[in-house]
Amino acid sequence: MTCQAWPEPVVRVQSLSESGLSLIPQCYIKPKSQRPTNMNTTFVVPNYASSQNHHHHHDPINIPIIDLQGLYGEDQTLREEVLGHVAEACREWGFFQVVNHGVSHELMKSARELWREFFNQPLEEKEVYANSPSTYEGYGSRLGVKKGAILDWSDYFFLHYMPLSLRNQAKWPSIPQSLRKVIGEYGEEVIKLGGRVLRMMSKNLGLKEDDLINAFGGENEVGGCLRVNFYPKCPQPDLTLGLSSHSDPGGMTILLSDDFVSGLQVFRGNQWVTVKPVPNAFIINIGDQIQVMSNAIYKSVEHRVIVNTNKDRVSLAFFYNPKSDLLIEPAKDLVTKENPSLYSPMTYDEYRLYIRTNGPCGKAQVESLISKK
């Protein structure tokens, strides 16, 4: 079912960028309708969900920033407040940033810096880890195996962190030297954060706190993958994208963005909104599997990445996914006569084959799942 080889020779975008070219190759030029024009893009300065910071009120669009500090104390009112902010963000946005999330800022910084160092190694050092479409693990430059496809302006490294049976450190970069150790520590902390957020979502949906985690296969069997994205400088950023529009196929994504360079855009109200990252925050978004499990009470949201001429970017996307061979379907308690099940059951393994074959395609996949009853 999976393709063993890429349909064309792989070109590393970073090498193209560093070659000093002034025009990008034709295969990266998007159709006009998909180009990042300024016509339908808003730059967002975010507001803290719990603060009085309203001096940006002229801009009605704000991606919520949620302070999780209140989750960890004894104060029940504060906890309810945090849960309320998360519930609203999940329903209204599908995207939110979290601060005071319990992951060490030093660890976040060092993970990002070490990965940047990896991408700045000589090409032959990175090619040792070149990936194939059969598993996607390793150093890659494309998503999808369609010959002649229009490509994105990015390289990446993809690895499995969970379940343990799929974790293979020999496939992780051995340079810089401390990278493997830091990936291990970072993965452990981000998995814990994912569990906390999933429990909040479960409660907010009116389910038992552990219902969603159990539907994912249980704490020790969830899927966890890391995709580190490198977006090189681009001489014609208005013609291409770092990552084409898509919703994430998995459960939820926990993104460590570049602190200084914005690039992520979220599709909301018929326009693209540029997310301004907050230092030391994670950006969390709902994936297609939570849309299915919540019977579309929570929806995954299309997003894309733009590039720029004078700065490259590194971001770490941690995908917190269901165990890949379990059937995923709407939670029984959310299916009623008035709200029948919208989706037919499917395993995550079957589901993600679509994006791995076709590349990023907006929300076409999750919408095609809706039961034709």
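The values are calculated or read from the model by the stated rules, or taken from the named source; none is laboratory data. What you are looking at is a predicted structure, and each value in this text was computed from that prediction instead of being measured. Here the Cβ is made from the backbone with ideal geometry for all residues, glycine too, and neighbour counts use every protein chain on show. Just so you know, the surface numbers come from the protein's heavy atoms only, side chains and all, with ligands and any DNA or RNA stripped out. Shrake-Rupley method; radii C 1.70, N 1.55, O 1.52, S 1.80 Å.
Quick notes
- Failed item in (1) within 28 Å of residue 71 (Cα to Cα); (2) open to solvent by less than 20 Å² (accessible area, probe 1.4 Å); (3) modelled with pLDDT of 95 or more; (4) not in a strand (DSSP E or B), with residue 248 passing the rest: (3)
- Residue list for segment 345-373, restricted to those being assigned to a loop (DSSP other than H, G, I, E, B), over 25 Å from residue 153 (Cα atoms) and open to solvent by 50 Å² or more (accessible area, probe 1.4 Å): 345, 372, 373
Yes/no per residue for (1) open to solvent by 20 Å² or more (accessible area, probe 1.4 Å); (2) at positive phi; (3) among the aliphatic types (A, V, I, L, M):
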residue: 151; (1), (2), (3): yes, no, yes
residue: 156; (1), (2), (3): no, no, no
residue: 160; (1), (2), (3): no, no, no
residue: 164; (1), (2), (3): yes, no, yes
residue: 168; (1), (2), (3): yes, no, no
residue: 183; (1), (2), (3): no, no, yes
residue: 193; (1), (2), (3): no, no, yes
residue: 198; (1), (2), (3): no, no, yes
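- Meets criteria (on the phi > 0 side of the Ramachandran plot, out of contact with any strand residue (DSSP E or B) (no Cβ under 7 Å at 6 or more places or on another chain) and modelled with pLDDT of 95 or more) for residue 206: yes
- Candidates 78, 68, 83, 23 - the one that is modelled with pLDDT of 95 or more and open to solvent by 40 Å² or more (accessible area, probe 1.4 Å): 23
- Within segment 131-141, considering residues that are open to solvent by 20 Å² or more (accessible area, probe 1.4 Å) and more than 17 Å from residue 224 (Cα to Cα), the one modelled with the highest pLDDT: 132
- With respect to the conditions (1) at pLDDT 95 or above; (2) closer than 30 Å to residue 167 by Cβ; (3) of a type in the set (A, V, I, L, M, F, W, C), residue 334 lacks only one, and its number is (2).
- Of the residues 294, 300, 262, the single one that is modelled with pLDDT under 90 and either open to solvent by 20 Å² or more (accessible area, probe 1.4 Å) or in contact with a helix residue (DSSP H, G or I) (Cβ under 9 Å, 6 or more places away or on another chain) (or both) is 262.
- Scanning segment 274-291 for residues that are of a type in the set (A, V, I, L, M, F, W, C) and either over 16 Å from the mean Cα position of the chain (by Cα) or at pLDDT 95 or above (or both) turns up 278, 281, 282, 283, 284, 286, 290.
- Failed item in (1) surrounded by 14 or more Cβ atoms within 10 Å (Cβ to Cβ); (2) part of a loop (DSSP other than H, G, I, E, B); (3) among the polar types (S, T, N, Q), with residue 310 passing the rest: (1)
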